[in-house]
Amino acid sequence: MSGLPEVSTSPDVAPDPVPGVASGAVDRLRQYDWAAFAAGMDSFGCAVLPRLLSPGECADLAGDYSAEAPFRSHIHMARHGFGRGEYKYYRYPLPDLIAGLRSALYPHLAGLANGWNARLGIGRVYPDRHEDFLRDCHAAGQTRPTPLLLQYGPGDFNCLHQDLYGDLAFPIQVAFLLSEPGRDFTGGEFVLTEQRPRMQSRAEVVPLAQGDAVAFAVHNRPVEGARGSYRVNLRHGVSRIRSGQRHTLGIIFHDAR
């Protein structure tokens, strides 16, 4: 989230990649049609990877929220005007499942991100491997991990925002719904808004099932116009929880200052 306060217990440094951590995640990502995924991202600024996490994995991740050891900070949204609810940032080393997904998803997104930059005339080229991108983050002074676990109860919501944590930001992030809509909670829809120049904002409500992952633009993306590509600004949030409890895992690919 842009400008978020952080209560860090100690500086974090990303560990060197552990061989094999991402192998299972790489295997499960082979099931998806990545050309269709890219087309969705280009058309709407978001795309869903259905059932990327199993119900058991979702339950295990959500169950970790009450623990202290995996996390480096704990944020209550209402204190800072971000909405209502709370979330915790993971510390390094990340849990194997999260580290594996972060590493395995990144190469599928880097090519798309580089294509967006080229269309917008932005000179930055993202490396093929996530560990190389993290080295760029750390060289820029962004060393704290950004994956987070969010928890919402009745009446909670997340205001529209952008997850920018420093000068260096990867333009796509991924959120995983860990709870089952209609069983664990009602309400709480994922919402994306897009502001095009000289036009009113467009809203996109993304239906998600437990275990689904939604990838979406962090800040902006290109849209094709009569004179070539132009930049549109995006924000994302979560609508009001009507009942129950909703947990979400967020994977952001850049680290924070």
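The values are calculated or read from the model by the stated rules, or taken from the named source; none is laboratory data. From a predicted model like this one, the values you see are computed outputs, not experimental measurements. Neighbour counts run over all protein chains shown; Cβ positions are idealised from the backbone, glycine included. Just so you know, the surface numbers come from the protein's heavy atoms only, side chains and all, with ligands and any DNA or RNA stripped out. Shrake-Rupley method; radii C 1.70, N 1.55, O 1.52, S 1.80 Å.
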(request) Assuming 1.306 mPa s and 10 °C, estimate D for the range 129-216 with Stokes-Einstein, Rh taken as the Kirkwood radius over Cα pairs, in µm²/s. (result) 101 µm²/s
(request) Highest first, please rank the peptides 161-168, 104-111 by the mean number of other Cβ atoms sitting within 10 Å of their residues. (result) 104-111, 161-168
(request) Restricting things to alpha carbons, tell me how big the range 90-129 is in terms of Rg and Dmax, in Å. (result) 12.9, 37
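Dipole magnitude of the range 127-175 about its Cα centre, charges +1 at Lys/Arg Cβ and -1 at Asp/Glu Cβ only, in debye to the nearest 20?
Charge dipole of the range 127-175: 100 debye, to the nearest 20.
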(request) Taking semi-axes √(5λ) of the Cα gyration tensor in Å as the quantity of interest, determine which of [x] 25, 23, 19; [y] 31, 19, 18; [z] 56, 20, 15 was computed from the displayed structure. (result) [x]
(request) Please list 242-249, 214-221, 138-145 highest first by mean number of surrounding beta-carbon atoms within 10 Å per residue. (result) 214-221, 242-249, 138-145
(message) Please compute the volume of the convex hull spanned by the alpha-carbon atoms of the range 18-90 and report it per residue in Å³.
(response) 162 Å³
(message) Can you compute the charge dipole magnitude of the chain about its Cα centre, using +1 on each Lys and Arg Cβ and -1 on each Asp and Glu Cβ, nothing else charged? Give it in debye, rounded to the nearest 20.
(response) 860 debye
(message) Using a probe radius of 1.4 Å on heavy atoms only, what accessible surface per residue do you get for the chain? Whole Å² is fine.
(response) 44 Å²
(request) Give a quick list of trypsin sites (Lys or Arg not before Pro) in the range 142-221 that DSSP marks as loop, anything other than H, G, I, E or B, with at most 13 other Cβ atoms within 10 Å. (result) R183, R198
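Rank by packing, highest mean first: peptides 25-31, 87-93, with packing defined as the count of other Cβ atoms within 10 Å averaged across residues.
Top of the packing list down: 87-93, 25-31.
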(message) In whole percent, and with a 1.4 Å probe on the protein chains, what portion of the accessible area of the range 111-222 is carbon and sulfur?
(response) 52 percent
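Lys and Arg at +1, Asp and Glu at -1: add these up for the other residues within a Cβ distance under 9 Å of M77 and post the number.
0
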